[in-house]
Amino acid sequence: MSSTLEELQVKVAFLEDTMAKISEEFYLQQKELLELKQRHAALVDKLRNTQTTDSEATGAEHETPPHY
């Protein structure tokens, strides 16, 4: 009976260790996902600003007069 108890204790210890590793990996992935979302949002904002600047630069007030 004690060997069965020891086997169960080993299995529980292994499962606890595995859960700790999975938990750590999940935390790292969540952290990376958050960083990627922030970088994506910054790139989208930068792209929108670039497109706005480009459309303003092609407006009539920025065109060279025909006599130049």
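Every number here is computed from the coordinates shown, using simple stated rules; none is lab data. Given the structure is predicted, the values throughout are model-derived calculations rather than measurements.
A few remarks follow.
- Counting only lysines at least 8 places from K11 when in the same chain, those with an alpha carbon closer than 18 Å to its own are K21.
- Applying the Karplus relation 6.51 cos²θ - 1.76 cosθ + 1.60 with θ = phi - 60° to the range 3-11 yields 3J(HN,Hα) values of 5, 5, 5, 5, 4, 5, 5, 5, 5 Hz, where x marks Gly and Pro.
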